[in-house]
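Note sheet for the following structure.
All of the numbers you see were taken from the coordinates with simple rules; none came from a lab. Keep in mind that this is a model prediction, so the values were computed, not measured. As a convention, Cβ positions derive from the backbone with ideal geometry for all residues, glycine included, and neighbour counts pool all protein chains shown.
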Amino acid sequence: MLKIKNLHASVEDTKILKGLNLEVKSGEVHAIMGPNGSGKSTLASVIAGREDYDVTDGEINFQGTDLGELGPEERAREGIFLAFQYPVEIPGVSTTNFMKTAVNQIRESKGEKPLDAVAFLKLMKEKMKLVNIRQDLLSRSINDGFSGGEKKRNEIFQMAMLNPKLSILDETDSGLDIDALKIVSNGVNALKSKENATVVVTHYQRLLDYIVPDFVHVLIDGKIVKSGDKNLALELEEKGYDWIKPGN
Amino acid sequence: MSKDDKILKDFTSKEYEHGWSVDFEVDQAPNGLNEDIVRLISKKKEEPNWLLEWRLDAFETFKKMKMPNWANLKIPEIDLQSISYYSAPKKKKELKSMDEVDPELIKTFEKLGISLQEQKRLSGVAVDAVIDSVSIGTTFKDKLSELGIIFCSFSEAVKEHPDLVKKYLGTVIPSKDNYFAALNSAVFSDGSFCYIPKGVRCPMELSTYFRINASNTGQFERTLIIADESSYVSYLEGCTAPMRDENQLHAAVVEIFAASNAEVKYSTVQNWYPGDKDGKGGIYNFVTKRGICSGDNSKISWTQVETGSAITWKYPSCVLKGNNSIGEFYSVAVTNNYQQADTGTKMVHIGKNTKSKIISKGISAGNSQNSYRGQVKVMNRASNSRNFSQCDSLLLGNKCGAHTFPYIDIDNKSSMVEHEATTSKIGEDQIFYCLQRGMDEENAIALIVNGYAKDVLKQLPMEFSVEAQKLLSLTLEGSVG
Ligand SMILES: Nc1ncnc2c1ncn2[C@@H]1O[C@H](COP(=O)(O)OP(=O)(O)O)[C@@H](O)[C@H]1O
Ligand SMILES: [Mg+2]
């Protein structure tokens, strides 16, 4: 589904990703771990097509398409979803309205008719249950004054609404207490299928007790330096990152 | 038409949807401004002598005045002598029903998307349409007159209700108030008149659509709304003007009088032709709007969505004379390309316990300049009065300007004035967030801008609010990227 080859990316002439390779197949869950500043969020943004980042070398292929020429909205419509580490506030725009605009524009791009109010409400109700989110939160300005946990839950709600093929969850566990962590993980697990794939970015092992990865990768200084199964995460928890740092 | 021409044509018509004109037979005065023209207008309209005298008096005042230059606007020279001050569609006969209305006119309404028939049938809105200064079709009159509500063209009011007109005309905005008000008082052509009797709640939104049609005709509308004791009315004004190369002057006057316990809500969506992408053409819009809360516990609320005009100079104001009276001003002003807007309000607190609220949302894009100018004046005996002002500016791009000029003038120690102001840019983060969810950039900006302006938009009646949201997006089309 996703094939990243020798990816180099920089921001304002600072090299951040330095030859990264990654392959994700449908039905799989991958975890990407690594210390702060190693380039995890950058990788997520580059896959999503954020324009501040220059891809200087390598390629990202998604379902047989080279993403290089596609804008962020086209990638989203192809089924790439990014749950943001820092979800953005948009004053005056409710999550409901935000999602209605997104869902209908994606439908329109596929030549489908927009959902009418009734059908949309039905879809909302169904997905709200998944992440145990309340209507009043969805009626408020999106992320505006939300607690950390509410923001993350809202991201997963949006993921449920858009039903993506590839979901990238960037530090979705940060700021969550154990109950919220369970709710969010249950939501993610419920959305898992043979047709889609999930990339979980985190630097705590704890999340991986709930969203169990098929593969764990360690990202240090812009490169994946080690890959393994879920036991690698446990090892990292115990020993930290220093032992695998290049040069050690 | 070659393919290129067609693409170009489609593109330009997208630029300004209402840019077309219908040929009516026009009865037009020669260009120029002088006493004879003032007399001609009055005569054409078969006005009583007192009104002619009133006009002539205003004209004398006007001659002594100068164009104001304190606004943050670059106003090109306007040659008042090169404008025609009167044009009317030729009257064929008295119209009894819509069936008798000139089909060309109906076409006009349909292009505007406001077919009177539909309006009548679907929304229960009575529409008094003003085309080139003379009002043509007035609907729902019977229903309103059962309640004693008068809603008609200004000319008709002069004929049918001269006492009311004489009593109130110029009492809120005297002709000497300012240059443009004086000009309007001398040469106003037509407009709307509305009277709500004691204790009556007007059961529907009253609505006027203005429209500039003949080329080179200045528009000098005059609107007078009188809400008698304990009455209520919500009044909508929508404006669109066809595309023209020459600049056109528009100087309207709106006066509102609210007696004790009366409430008037006045909403405007202003969409006059803004000029092209290079700043050529467009309407010069110099409007004087003021309401007086004359009686105790009265309330006047202005809501405006200003997306059009090359130049906007407009300060809908409230004089809070009655004790406990309330004035409100909600505004969204959008400027793009080379548009300039200097708009805001004046709240004058005279009575005790008076309250005012100002919510202004400016949006600037392209090379435009957008200024908020507001004054809050609390007079000596206005004890315990309150004002809250929130003036926000949103910038799209780096070439536009946003400016805020708040004037606060308090003469009473027990009163309180609060002013908040913010300036922000549409964030890359916000746009990326939207794009990542599959929206394109235009939709993303429309969503963000409508969210930003929500506190104002939600003041508008439902149907108007939807239209206003579409207009905001349309105005900002192509402003980013
Ligand atoms: N927009 C940006 N401008 C400059 N530097 C950036 C920008 N985004 C990220 N960086 C830098 O790139 C590096 C990787 O950041 P990031 O991908 O956020 O790391 P992680 O998510 O692994 O903590 C950091 O050193 C960070 O400071
Ligand atoms: Mg990060």
(message) Averaged across A:86-97, how many Cβ atoms of other chains sit within 10 Å of each residue's Cβ atom?
(response) 5
(request) Please tell me which of these pairs span more than 29 angstrom C-alpha to C-alpha: A:Lys3/A:Lys245; B:Lys74/B:Lys159; B:Lys176/B:Lys198; A:Lys151/B:Lys361; B:Lys314/B:Lys425; B:Lys43/B:Lys198? (result) B:Lys74/B:Lys159; B:Lys176/B:Lys198; B:Lys43/B:Lys198
(request) Quick one: of B:Lys44/B:Lys166; B:Lys167/B:Lys321; A:Lys194/A:Lys226; B:Lys277/B:Lys454, which pairs are farther than 23 Å apart, Cα to Cα? (result) A:Lys194/A:Lys226; B:Lys277/B:Lys454
(request) Obtain the nm distance between the two label points defined at B:Val466 and B:Glu442 by a simple spin-label model: each point lies 7 Å from its Cα along the Cα-to-C-beta direction. (result) 2.0 nm
(message) Restricting to Cα pairs below 8 Å that are 6+ residues apart, what does the relative contact order work out to for the range A:95-204? Please round to a whole percent.
(response) 28 percent
(request) Would you mind checking the pairs B:Lys357/B:Lys458; A:Lys25/A:Lys165; A:Lys113/A:Lys152; B:Lys352/B:Lys413 and listing those with alpha carbons more than 18 angstrom apart? (result) A:Lys113/A:Lys152
(request) Sticking with the crude label model, points 7 Å out along Cα→Cβ, report the distance from B:Phe388 to A:Tyr86 in nm, one decimal please. (result) 3.0 nm
(request) Treating the angle as unsigned and between 0 and 90°, give the value, to the nearest 10°, between the Cα long axis of helix A:230-239 and the longest Cα principal axis of chain A. (result) 60 degrees
(request) Give me the number: length gained by fully extending A:Lys239 to A:Val225, i.e. 0.36 nm times residue separation minus the C-alpha to C-alpha distance, one decimal in nm. (result) 3.5 nm
(request) Provide the FRET efficiency to the nearest 0.05 for the A:Asp209-B:Asp455 pair, computing r from the beta carbons and using R0 = 60 Å. (result) 0.85
(message) How would the range A:29-149 be classified by its alpha-carbon gyration tensor: rounded, prolate or oblate, with rounded meaning a/c under 1.5 and the a/b versus b/c comparison settling the rest?
(response) oblate
(message) Rounded, prolate or oblate for the range A:125-211? Axes are the square roots of the Cα gyration tensor eigenvalues, ordered a ≥ b ≥ c, and the cut-off for rounded is a/c under 1.5.
(response) oblate
(request) Beta carbons within 10 angstrom, averaged per residue: use that to sort the peptides B:285-292, B:389-396, highest first. (result) B:285-292, B:389-396
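Of chain A, which part is the longest with no GluC sites (Glu not before Pro) in a loop (DSSP not H, G, I, E, B) and with at most 15 other C-beta atoms within 10 angstrom?
Working: sites that count: A:Glu12, A:Glu51, A:Glu112, A:Glu195.
Longest run free of exposed loop sites: A:113-194.
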(message) With the crude spin-label approximation of a point 7 Å out along Cα→Cβ, what separation in nm comes out for A:Lys5 versus A:Asp57?
(response) 1.4 nm
(request) Return the whole-Å distance between the Cα centroid of the range A:67-108 and the Cα centroid of the range B:49-90. (result) 52 Å
(request) Give the calculated FRET efficiency between B:Met416 and A:Glu69 to the nearest 0.05, with a Förster radius of 60 Å applied to their Cβ-Cβ distance. (result) 0.55
(message) Ranking request for peptides A:95-102, B:426-433: highest mean number of other beta-carbon atoms within 10 Å first, then the rest in descending order.
(response) A:95-102, B:426-433
(request) On each of the three principal axes of the Cα atoms of the range B:363-481, give max minus min coordinate, whole Å, ordered largest first. (result) 56, 34, 22
(request) Find out how many positive minus negative residues lie around A:Glu150, taking Lys and Arg as positive, Asp and Glu as negative, among other residues whose Cβ is under 15 Å from that of A:Glu150. (result) -2
(message) Roughly how far apart, in whole Å, are the Cα centres of the range B:389-408 and the range B:167-189?
(response) 30 Å
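What's the exposure ranking of B:His250, A:His30, B:His161, B:His349, going from fewest to most Cβ atoms within 10 Å?
In order of increasing Cβ crowding within 10 Å: B:His161, A:His30, B:His250, B:His349.
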(request) Could you compute the FRET efficiency for B:His161 and B:Lys198, with r as their C-beta to C-beta distance and R0 at 22 Å, rounded to 0.05? (result) 0.90
(message) Shape verdict for the range A:92-248, please, from the Cα gyration tensor: rounded (a/c under 1.5), prolate (a/b greater than b/c) or oblate.
(response) prolate
(request) For peptide B:425-433, compute the average count of partner chain beta-carbon atoms within 10 Å of each residue's beta-carbon. (result) 5
